[in-house]
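Everything on this sheet refers to the single structure shown next.
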Amino acid sequence: MAAPRRPGGRLMIGPDWSALFPGSVWECWWLAPAALLMDALLGDPALPWRHPVCFVGGLLQRLEAPARRLAARAPFLSPQAALRAAGALAVLLLVLVTGLVVRLSLAAAALLPGDFPQFFLTLYWAWAGLAMGSLVRTGATVRFRVEQFPLPAARDALSWLVSRDTSAMDRPLMRKTLADTLSENFTDAGIAPLFWLLAGGPVALWCYKAVSTTDSMWGYLTPRWRCLGWAGARSDDLLAFLPARLGAVLLYLTDLLARAAARLFPFAAAALRPWDGRWPGLARIRRDAAGMPSPNSGWSMAACAWLCRARQGGPSVYFGQLVHKEWLGPPETEAAPWDEARLAALNSLLLRGMLTGGLILWGAALFLRALLRA
(Lines give C-alpha, C1' and ligand atoms only; values in the text may rest on other atoms or scores of the structure.)
Protein backbone atom coordinates (compact mmCIF):
# COMPACT_ATOMS: atom_id res chain seq x y z
CA MET A 1 0.00 0.00 0.00
CA ALA A 2 1.32 3.43 -0.91
CA ALA A 3 2.22 5.83 1.88
CA PRO A 4 -0.54 8.35 2.65
CA ARG A 5 -0.15 11.76 1.10
CA ARG A 6 -1.65 15.18 1.61
CA PRO A 7 -3.26 17.20 -1.17
CA GLY A 8 -0.54 18.26 -3.62
CA GLY A 9 1.32 14.98 -3.26
CA ARG A 10 3.28 15.72 -0.10
CA LEU A 11 4.22 12.64 1.92
CA MET A 12 2.51 12.56 5.30
CA ILE A 13 5.36 12.41 7.82
CA GLY A 14 3.51 14.10 10.67
CA PRO A 15 0.77 16.61 11.40
CA ASP A 16 -0.02 19.17 8.72
CA TRP A 17 1.20 22.44 10.25
CA SER A 18 0.63 24.58 7.16
CA ALA A 19 -2.55 26.10 8.59
CA LEU A 20 -0.55 27.52 11.50
CA PHE A 21 2.71 28.12 9.64
CA PRO A 22 1.92 29.13 6.04
CA GLY A 23 4.61 30.24 3.63
CA SER A 24 7.27 27.63 4.38
CA VAL A 25 9.47 26.24 1.61
CA TRP A 26 7.18 23.20 1.52
CA GLU A 27 4.41 25.24 -0.09
CA CYS A 28 5.95 28.59 -1.12
CA TRP A 29 9.21 27.94 -2.95
CA TRP A 30 9.88 31.55 -4.01
CA LEU A 31 9.51 33.34 -0.67
CA ALA A 32 12.96 32.76 0.87
CA PRO A 33 15.07 33.81 -2.15
CA ALA A 34 12.87 36.86 -2.71
CA ALA A 35 13.30 37.93 0.92
CA LEU A 36 17.05 37.26 0.71
CA LEU A 37 17.45 39.49 -2.34
CA MET A 38 15.33 42.27 -0.84
CA ASP A 39 17.34 42.18 2.38
CA ALA A 40 20.63 42.31 0.45
CA LEU A 41 19.53 45.10 -1.89
CA LEU A 42 17.33 47.22 0.39
CA GLY A 43 18.36 46.36 3.94
CA ASP A 44 16.05 48.16 6.35
CA PRO A 45 14.91 51.30 4.52
CA ALA A 46 12.95 54.12 6.13
CA LEU A 47 9.25 53.27 5.85
CA PRO A 48 6.15 55.11 7.08
CA TRP A 49 5.80 52.62 9.93
CA ARG A 50 8.20 51.34 12.59
CA HIS A 51 9.98 48.05 12.09
CA PRO A 52 8.04 45.12 13.63
CA VAL A 53 10.95 44.18 15.89
CA CYS A 54 10.47 47.53 17.67
CA PHE A 55 6.99 46.40 18.72
CA VAL A 56 8.35 43.04 19.85
CA GLY A 57 10.97 44.82 21.96
CA GLY A 58 8.39 47.25 23.31
CA LEU A 59 6.11 44.42 24.41
CA LEU A 60 9.02 42.67 26.09
CA GLN A 61 9.84 45.86 28.04
CA ARG A 62 6.24 46.00 29.25
CA LEU A 63 6.44 42.38 30.40
CA GLU A 64 9.39 42.95 32.73
CA ALA A 65 7.50 44.57 35.61
CA PRO A 66 4.61 42.02 35.65
CA ALA A 67 7.14 39.17 35.45
CA ARG A 68 9.05 40.51 38.45
CA ARG A 69 5.82 41.00 40.42
CA LEU A 70 4.78 37.45 39.60
CA ALA A 71 8.16 36.13 40.74
CA ALA A 72 7.94 38.05 44.01
CA ARG A 73 4.61 36.37 44.82
CA ALA A 74 5.54 32.84 43.72
CA PRO A 75 5.16 30.33 46.60
CA PHE A 76 7.40 27.32 47.18
CA LEU A 77 10.17 28.67 44.92
CA SER A 78 13.47 30.31 45.70
CA PRO A 79 13.85 33.89 44.39
CA GLN A 80 16.14 32.69 41.60
CA ALA A 81 13.82 29.87 40.52
CA ALA A 82 10.81 32.19 40.65
CA LEU A 83 12.52 34.72 38.39
CA ARG A 84 13.47 31.96 35.95
CA ALA A 85 9.91 30.69 35.86
CA ALA A 86 8.50 34.20 35.39
CA GLY A 87 11.00 34.85 32.63
CA ALA A 88 9.96 31.63 30.92
CA LEU A 89 6.30 32.69 31.03
CA ALA A 90 7.22 36.10 29.62
CA VAL A 91 9.09 34.49 26.72
CA LEU A 92 6.20 32.12 26.04
CA LEU A 93 3.70 34.98 26.04
CA LEU A 94 5.88 37.10 23.76
CA VAL A 95 6.28 34.23 21.28
CA LEU A 96 2.54 33.46 21.29
CA VAL A 97 1.53 37.09 20.79
CA THR A 98 4.12 37.67 18.06
CA GLY A 99 3.21 34.51 16.17
CA LEU A 100 -0.50 35.21 16.53
CA VAL A 101 -0.18 38.75 15.19
CA VAL A 102 1.70 37.52 12.11
CA ARG A 103 -0.71 34.65 11.51
CA LEU A 104 -3.85 36.76 11.93
CA SER A 105 -2.47 39.46 9.64
CA LEU A 106 -1.88 36.87 6.93
CA ALA A 107 -5.36 35.45 7.43
CA ALA A 108 -6.88 38.94 7.21
CA ALA A 109 -4.93 39.66 4.02
CA ALA A 110 -6.26 36.44 2.49
CA LEU A 111 -9.81 37.74 2.97
CA LEU A 112 -9.17 40.86 0.92
CA PRO A 113 -10.00 40.82 -2.81
CA GLY A 114 -7.24 39.68 -5.12
CA ASP A 115 -3.94 37.95 -4.37
CA PHE A 116 -1.78 41.05 -3.93
CA PRO A 117 -2.55 41.86 -0.24
CA GLN A 118 -1.59 38.37 0.90
CA PHE A 119 1.44 38.29 -1.44
CA PHE A 120 2.65 41.68 -0.19
CA LEU A 121 2.19 40.93 3.50
CA THR A 122 3.79 37.48 3.28
CA LEU A 123 6.80 38.94 1.50
CA TYR A 124 7.01 41.87 3.92
CA TRP A 125 7.02 39.65 7.02
CA ALA A 126 9.73 37.45 5.46
CA TRP A 127 11.89 40.39 4.35
CA ALA A 128 11.54 42.29 7.63
CA GLY A 129 12.65 39.23 9.60
CA LEU A 130 16.04 39.08 7.84
CA ALA A 131 18.55 41.64 9.07
CA MET A 132 21.89 40.80 7.48
CA GLY A 133 21.64 43.50 4.82
CA SER A 134 20.98 46.26 7.33
CA LEU A 135 23.67 44.87 9.67
CA VAL A 136 26.30 44.99 6.92
CA ARG A 137 25.27 48.54 5.99
CA THR A 138 25.40 49.69 9.60
CA GLY A 139 28.74 47.93 9.97
CA ALA A 140 30.13 49.87 7.01
CA THR A 141 28.91 53.15 8.54
CA VAL A 142 30.46 52.31 11.91
CA ARG A 143 33.70 51.24 10.20
CA PHE A 144 33.95 54.60 8.46
CA ARG A 145 33.39 56.46 11.73
CA VAL A 146 35.89 54.31 13.60
CA GLU A 147 38.50 55.16 10.98
CA GLN A 148 37.67 58.82 10.28
CA PHE A 149 35.95 60.37 13.30
CA PRO A 150 37.53 61.61 16.53
CA LEU A 151 37.79 58.93 19.20
CA PRO A 152 34.68 59.97 21.24
CA ALA A 153 32.47 59.95 18.13
CA ALA A 154 34.01 56.68 16.93
CA ARG A 155 33.31 55.04 20.29
CA ASP A 156 29.75 56.33 20.24
CA ALA A 157 29.20 54.88 16.76
CA LEU A 158 30.53 51.49 17.85
CA SER A 159 28.12 51.47 20.79
CA TRP A 160 25.26 51.33 18.25
CA LEU A 161 26.15 47.69 17.65
CA VAL A 162 27.78 46.37 20.83
CA SER A 163 26.88 46.09 24.50
CA ARG A 164 30.53 46.25 25.59
CA ASP A 165 32.02 49.27 27.32
CA THR A 166 33.55 51.33 24.50
CA SER A 167 34.52 54.38 26.59
CA ALA A 168 38.22 53.51 26.85
CA MET A 169 38.74 51.65 23.55
CA ASP A 170 41.49 52.66 21.16
CA ARG A 171 41.04 52.24 17.41
CA PRO A 172 42.65 48.77 17.12
CA LEU A 173 40.35 47.42 19.84
CA MET A 174 37.34 49.12 18.24
CA ARG A 175 38.16 47.43 14.93
CA LYS A 176 38.38 44.00 16.56
CA THR A 177 35.19 44.59 18.53
CA LEU A 178 33.34 45.56 15.36
CA ALA A 179 34.61 42.40 13.66
CA ASP A 180 33.44 40.32 16.63
CA THR A 181 29.89 41.64 16.63
CA LEU A 182 29.44 41.50 12.85
CA SER A 183 30.69 37.90 12.71
CA GLU A 184 28.65 36.77 15.71
CA ASN A 185 25.45 38.19 14.23
CA PHE A 186 25.83 36.23 11.00
CA THR A 187 23.78 33.57 12.79
CA ASP A 188 21.33 35.76 14.73
CA ALA A 189 20.59 38.27 11.97
CA GLY A 190 20.89 36.03 8.93
CA ILE A 191 21.10 32.26 8.90
CA ALA A 192 18.85 31.47 11.89
CA PRO A 193 15.93 33.67 10.70
CA LEU A 194 16.30 32.21 7.19
CA PHE A 195 16.34 28.67 8.59
CA TRP A 196 13.06 29.23 10.43
CA LEU A 197 11.54 31.01 7.43
CA LEU A 198 12.28 27.93 5.33
CA ALA A 199 11.00 25.58 8.01
CA GLY A 200 7.79 27.36 9.00
CA GLY A 201 7.26 30.52 6.98
CA PRO A 202 6.89 34.03 8.40
CA VAL A 203 5.09 32.84 11.55
CA ALA A 204 7.97 30.56 12.58
CA LEU A 205 10.47 33.25 11.60
CA TRP A 206 8.85 35.82 13.86
CA CYS A 207 8.45 33.35 16.72
CA TYR A 208 12.22 32.92 16.48
CA LYS A 209 12.68 36.71 16.31
CA ALA A 210 10.70 37.05 19.56
CA VAL A 211 13.06 34.62 21.28
CA SER A 212 16.14 36.26 19.76
CA THR A 213 14.93 39.71 20.86
CA THR A 214 14.49 38.40 24.39
CA ASP A 215 18.04 37.09 24.38
CA SER A 216 19.32 40.44 23.04
CA MET A 217 17.52 42.46 25.72
CA TRP A 218 17.47 40.12 28.73
CA GLY A 219 20.19 37.57 28.05
CA TYR A 220 22.99 39.14 30.11
CA LEU A 221 24.81 37.60 33.06
CA THR A 222 24.31 40.68 35.23
CA PRO A 223 22.43 40.68 38.55
CA ARG A 224 19.40 42.29 36.91
CA TRP A 225 19.06 39.76 34.08
CA ARG A 226 20.85 36.58 35.13
CA CYS A 227 17.67 34.82 36.29
CA LEU A 228 14.88 36.69 34.49
CA GLY A 229 16.66 36.33 31.15
CA TRP A 230 17.65 32.70 31.66
CA ALA A 231 14.75 31.19 29.70
CA GLY A 232 15.18 33.58 26.77
CA ALA A 233 18.90 32.87 26.53
CA ARG A 234 18.45 29.09 26.71
CA SER A 235 15.59 29.18 24.19
CA ASP A 236 17.74 31.18 21.79
CA ASP A 237 20.59 28.69 22.27
CA LEU A 238 18.22 25.88 21.32
CA LEU A 239 16.63 27.54 18.28
CA ALA A 240 19.97 28.76 16.89
CA PHE A 241 21.91 25.54 17.62
CA LEU A 242 21.61 24.02 14.14
CA PRO A 243 21.67 27.33 12.20
CA ALA A 244 24.92 28.36 13.92
CA ARG A 245 26.67 25.22 12.74
CA LEU A 246 25.12 25.44 9.29
CA GLY A 247 26.31 29.04 9.12
CA ALA A 248 29.96 28.05 9.56
CA VAL A 249 29.63 25.42 6.82
CA LEU A 250 27.92 27.93 4.51
CA LEU A 251 30.78 30.40 5.02
CA TYR A 252 33.18 27.63 4.00
CA LEU A 253 31.13 26.90 0.85
CA THR A 254 31.04 30.62 0.08
CA ASP A 255 34.83 30.71 0.32
CA LEU A 256 35.12 27.64 -1.92
CA LEU A 257 33.07 29.36 -4.61
CA ALA A 258 35.07 32.57 -4.22
CA ARG A 259 38.35 30.64 -4.63
CA ALA A 260 37.01 28.93 -7.75
CA ALA A 261 35.90 32.25 -9.23
CA ALA A 262 39.28 33.82 -8.44
CA ARG A 263 41.07 30.99 -10.26
CA LEU A 264 38.80 31.37 -13.28
CA PHE A 265 39.26 35.15 -13.39
CA PRO A 266 42.71 35.86 -11.92
CA PHE A 267 42.63 39.49 -13.08
CA ALA A 268 39.75 40.08 -10.65
CA ALA A 269 40.92 37.76 -7.87
CA ALA A 270 41.23 40.52 -5.26
CA ALA A 271 37.63 41.60 -5.84
CA LEU A 272 36.24 38.08 -6.04
CA ARG A 273 37.97 36.99 -2.83
CA PRO A 274 39.03 40.07 -0.84
CA TRP A 275 39.71 38.04 2.33
CA ASP A 276 43.08 36.27 2.47
CA GLY A 277 42.73 33.61 5.15
CA ARG A 278 42.25 29.87 4.98
CA TRP A 279 39.74 27.28 6.13
CA PRO A 280 41.29 25.22 8.96
CA GLY A 281 38.76 22.36 8.88
CA LEU A 282 35.49 21.91 10.71
CA ALA A 283 37.16 20.16 13.64
CA ARG A 284 39.29 23.24 14.40
CA ILE A 285 36.26 25.53 14.04
CA ARG A 286 34.41 23.32 16.53
CA ARG A 287 37.32 23.43 19.00
CA ASP A 288 37.55 27.22 18.73
CA ALA A 289 33.79 27.66 19.14
CA ALA A 290 33.76 25.45 22.24
CA GLY A 291 35.84 28.06 24.08
CA MET A 292 33.10 30.68 23.91
CA PRO A 293 30.52 31.15 26.71
CA SER A 294 27.67 30.79 24.20
CA PRO A 295 27.25 27.40 22.49
CA ASN A 296 26.48 29.11 19.18
CA SER A 297 28.26 32.44 18.78
CA GLY A 298 31.74 31.01 18.29
CA TRP A 299 30.94 29.09 15.10
CA SER A 300 30.54 32.04 12.75
CA MET A 301 33.15 34.05 14.65
CA ALA A 302 35.77 31.32 14.30
CA ALA A 303 34.96 30.82 10.62
CA CYS A 304 35.28 34.55 9.90
CA ALA A 305 38.46 34.85 11.97
CA TRP A 306 40.20 32.08 10.03
CA LEU A 307 38.95 33.20 6.61
CA CYS A 308 39.94 36.82 7.27
CA ARG A 309 43.23 35.83 8.96
CA ALA A 310 42.62 37.96 12.03
CA ARG A 311 41.77 36.99 15.60
CA GLN A 312 38.45 37.45 17.35
CA GLY A 313 37.17 36.93 20.87
CA GLY A 314 39.55 37.33 23.80
CA PRO A 315 38.85 39.08 27.13
CA SER A 316 36.07 41.69 26.91
CA VAL A 317 34.37 44.12 29.28
CA TYR A 318 30.56 43.95 29.59
CA PHE A 319 28.74 46.33 31.96
CA GLY A 320 31.92 46.96 33.90
CA GLN A 321 32.79 43.25 34.30
CA LEU A 322 35.72 41.55 32.60
CA VAL A 323 34.57 38.41 30.78
CA HIS A 324 37.28 35.93 29.85
CA LYS A 325 36.88 34.41 26.39
CA GLU A 326 39.20 32.27 24.33
CA TRP A 327 40.87 33.71 21.26
CA LEU A 328 39.39 32.51 17.98
CA GLY A 329 41.19 32.15 14.68
CA PRO A 330 44.82 31.69 13.66
CA PRO A 331 47.67 31.89 16.18
CA GLU A 332 49.04 35.32 16.95
CA THR A 333 52.15 34.70 14.83
CA GLU A 334 50.00 33.98 11.76
CA ALA A 335 47.22 36.52 12.32
CA ALA A 336 47.10 40.04 10.94
CA PRO A 337 45.60 43.00 12.83
CA TRP A 338 42.13 44.20 11.95
CA ASP A 339 42.32 47.29 9.74
CA GLU A 340 39.89 49.09 7.47
CA ALA A 341 40.59 46.86 4.46
CA ARG A 342 40.21 43.67 6.48
CA LEU A 343 36.93 44.89 7.97
CA ALA A 344 35.68 45.69 4.46
CA ALA A 345 36.65 42.15 3.41
CA LEU A 346 34.72 40.78 6.39
CA ASN A 347 31.65 42.76 5.33
CA SER A 348 31.96 41.28 1.85
CA LEU A 349 32.34 37.76 3.26
CA LEU A 350 29.25 38.13 5.45
CA LEU A 351 27.03 39.56 2.72
CA ARG A 352 28.16 36.96 0.19
CA GLY A 353 27.85 34.27 2.82
CA MET A 354 24.26 35.29 3.45
CA LEU A 355 23.39 35.38 -0.25
CA THR A 356 25.37 32.37 -1.44
CA GLY A 357 24.91 30.34 1.71
CA GLY A 358 21.26 31.29 1.95
CA LEU A 359 20.60 30.14 -1.60
CA ILE A 360 22.48 26.89 -0.92
CA LEU A 361 20.34 26.32 2.17
CA TRP A 362 17.20 27.11 0.17
CA GLY A 363 18.30 24.69 -2.57
CA ALA A 364 18.91 21.96 0.01
CA ALA A 365 15.42 22.53 1.42
CA LEU A 366 13.91 22.30 -2.07
CA PHE A 367 15.84 19.07 -2.67
CA LEU A 368 14.49 17.64 0.60
CA ARG A 369 10.98 18.70 -0.43
CA ALA A 370 11.37 16.93 -3.76
CA LEU A 371 12.58 13.76 -2.04
CA LEU A 372 9.61 13.74 0.32
CA ARG A 373 7.18 14.30 -2.52
CA ALA A 374 8.73 11.68 -4.81
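The values are calculated or read from the model by the stated rules, or taken from the named source; none is laboratory data. Fair warning: this is a prediction, and the values are worked out from it, not measured in the lab. Cβ placement follows ideal geometry from the backbone for every residue including glycine, while neighbour counts extend to all protein chains displayed. What goes into the accessible areas is simple: the full protein's heavy atoms, side chains included, and nothing from ligands, DNA or RNA. Shrake-Rupley method; radii C 1.70, N 1.55, O 1.52, S 1.80 Å.
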Can you tell which of Ser167, Ser183, Ser134 is polar (S, T, N, Q), touching a Gly at 6+ places or on another chain (Cβ under 7 Å) and either in contact (Cβ under 8 Å) with a residue 12 or more places away in the chain or surrounded by fewer than 22 Cβ atoms within 10 Å (Cβ to Cβ) (or both)? Ser134
Among the numbered criteria (1) surrounded by 14 or more Cβ atoms within 10 Å (Cβ to Cβ); (2) in a helix (DSSP H, G or I), which single criterion is violated by Arg263? (1)
Among (1) open to solvent by less than 50 Å² (accessible area, probe 1.4 Å); (2) at pLDDT below 95; (3) assigned to a helix (DSSP H, G or I); (4) aliphatic (A, V, I, L, M) - the single one Leu41 does not satisfy: (1)
Identify the single condition in (1) surrounded by fewer than 21 Cβ atoms within 10 Å (Cβ to Cβ); (2) over 30 Å from Leu349 (Cα atoms); (3) not basic (Lys, Arg) that Thr98 does not satisfy, given that it satisfies every other one. (1)
Quick check on my filter: what residues within region 195-238 are of a type in the set (A, V, I, L, M, F, W, C) and part of a loop (DSSP other than H, G, I, E, B)? Leu221, Trp225, Cys227, Leu228
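What about Leu205, is it over 21 Å from Met301 (Cα atoms), more than 12 Å from the chain's Cα centre (by Cα) and touching a residue at least 60 places away in the same chain (Cβ under 8 Å)?
Working: over 21 Å from Met301 (Cα atoms): yes; more than 12 Å from the chain's Cα centre (by Cα): no; touching a residue at least 60 places away in the same chain (Cβ under 8 Å): yes.
For Leu205, the condition - over 21 Å from Met301 (Cα atoms), more than 12 Å from the chain's Cα centre (by Cα) and touching a residue at least 60 places away in the same chain (Cβ under 8 Å) - is not met.
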Single residue of Arg284, Arg273, Arg309 found to be surrounded by fewer than 17 Cβ atoms within 10 Å (Cβ to Cβ) and modelled with pLDDT of 95 or more: Arg284
Restrict the check to region 87-96 and report whether at least one residue is modelled with pLDDT of 95 or more and touching a Cys at 6+ places or on another chain (Cβ under 8 Å). yes
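Taking the conditions exactly as written (under 26 Å from Ala86 (Cα atoms) and buried (at least 21 other Cβ atoms within 10 Å of the Cβ)), does Trp218 satisfy them or not?
yes
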Conditions first: (1) part of a loop (DSSP other than H, G, I, E, B); (2) of a type outside the set (Val, Ile, Thr); (3) at pLDDT 90 or above; (4) under 19 Å from the mean Cα position of the chain (by Cα). Pro33 passes all but one, so which condition is the exception? (1)
